[in-house]
Ligand SMILES: Cc1ncc(COP(=O)(O)O)c(C=O)c1O
């Protein structure tokens, strides 16, 4: 943490507030648990043995550091700034989600918890959670919206292979927010033995902080790698935003580098005037799932369903630190539609031989927009936070191809 | 004495009944509320429907969704409350729900509307004492009780914070879990209520998992009140717009068991 009072890296305060956002809006039953989690997290953070075990697993199990890659043909195609990628899609399990899961399962074991639950949208966080549970021999229950179970079948099978129980959730629109509700219900009923591994930088304090800290390995590595490869920092960071964990993981270590601009990319779905999942662009502040943040909601505060082609982005909220970073002006936020993400997906396949997940395809779509407006000696660093294997079926369907 | 204080000062335990506002339709709710009063309920909890009722089990989740599907708005809830108040000037009415619909137009707006509608208290599931500033001060200034929940995980260290700024009654959630789950053991309820009563003067009502007169009676012996929700909601689910009759019958049986629980022994 910085001692500079004007630092953007000093959040949250001791009550878990990022400016006006964040906090601990949970039922009384859970309150003592999240206070205990916070105490344990503080102790773990100060414990070199915990950090050493985290680092060791990231290196030898996850495969970190992930490469920093200059994309020459994409850069040439776009005809502007140099485009670089942080290759977190090469991690074990294929996305950045595993970084956080390693951290949280170590915390769970430190706290003596014997059962793990998680929510998942695209299934990437579910797979990552099932993976660490298999690795450490803990039983795992993953809640997943029934709609997502249907559109992410390969990941459902992966979770089952890894020994997890996948519980389809039929409430509401049967997507990520409903899965999160169900995970919270499970947690309330199993407070004594269960640890809830939340998959994004949202939820009640201390989750947004600890998920950010575990994911910040992305930005720390990228900063060092960029300095050692080019002798300078990037001009612009770009990342897709569902709940905001891969984005905050990349951004946070750079927040006090005043010359590094940052762009978070929400899912504009069918368009911001239609169905979408862009809570900063199309929502307003409210309270859901333990934190105060921007939410898609109607005038009465009823939560609206997000829509995105990407199951990992269609959450009607966003992590509270992003709400604060938006209001402070430090990070800019934009959005990309389903169509733009699909185009960007194909562009990366063709130009670089990399099949990205649909989530970072939204970031690539934004890169497609901004790179041509920048000088050739400028550097864009985008987070390639997941690979596209899980998405080939839905992409084929959208492209009208029958597999 | 406030309406809530009077409800707990009748010389017998109180029956607190919960139904979701707007379930199955906003127009059907007034008759269901009247049935609760006619059946002998001492305090009415009116649920404000929410899309994401995280602390509720399947029965109340479904009730929330039915109410929203019927087009129930926050304005409907306040209309239902205000008309209840004109029909039943002395029966306390408490709104129960989740934070977002309560604060979405500003906590001041919400507190003002509650006061105008004659609401006596508010239970907000997901605003713990740590976030009291969000809603509590506005309700207290408007003369409305903030009714907090205590749970089996509320330890001695937290209890003073839970009690601070709460009034009307204390709602003891007898199981760590969601609504509609199994009932806690009587011994654990008795011990918990004793702890709560030692720390506070406000009445303690016990809820979660109480469905039948046979369950409610013994709890009423050790607590100031008993809360029943899911069992009533189940009747609304099965009888729809004709639910008032069955709701009145169950309430009558419950209120007898609760009101007479202490006489049975004597
Ligand atoms: C590959 C990938 N990227 C991004 C996300 C969105 O989450 P977040 O915004 O927390 O990074 C997901 C979520 O499932 C994902 O699987």
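For residue A:77 and residue A:257, compute 0.36 nm times the residue count separating them, minus their Cα-Cα distance, and round to one decimal in nm.
61.9 nm
Take the Cα of residue B:140, step 7 Å toward its Cβ, do the same at residue A:47, and the gap between the two points is 3.8 nm. Over all distinct Cα-Cα pairs of chain B, the Kirkwood formula returns a hydrodynamic radius of 18.1 Å.
Put a dot 7 Å past the Cα of residue A:136, heading toward its Cβ, do the same for residue B:188, and the two dots end up 2.6 nm apart. Reducing the range B:171-246 and the range A:277-318 to their Cα centroids gives an inter-centroid distance of 34 Å.
Volume per residue for the protein assembly as shown equals 150 cubic angstrom (convex hull of Cα atoms).
Extension gain, residue A:399 to residue A:373: 0.36 nm times the residue separation minus the Cα-Cα distance gives 6.5 nm.
Computed from the C-beta positions of residue A:109 and residue A:14, the FRET efficiency with R₀ = 35 Å rounds to 0.85. With R₀ set to 45 Å, the beta-carbon distance separating residue A:7 from residue B:112 gives a calculated FRET efficiency near 0.70.
Values quoted throughout were computed directly from the atomic coordinates according to the rules given, and no laboratory measurement underlies them. Keep in mind it's a predicted model, so treat the numbers as computed, not measured. Because the Cβ atoms are built from the backbone with ideal geometry, glycine has one as well, and the counts that use them run over all protein chains shown.
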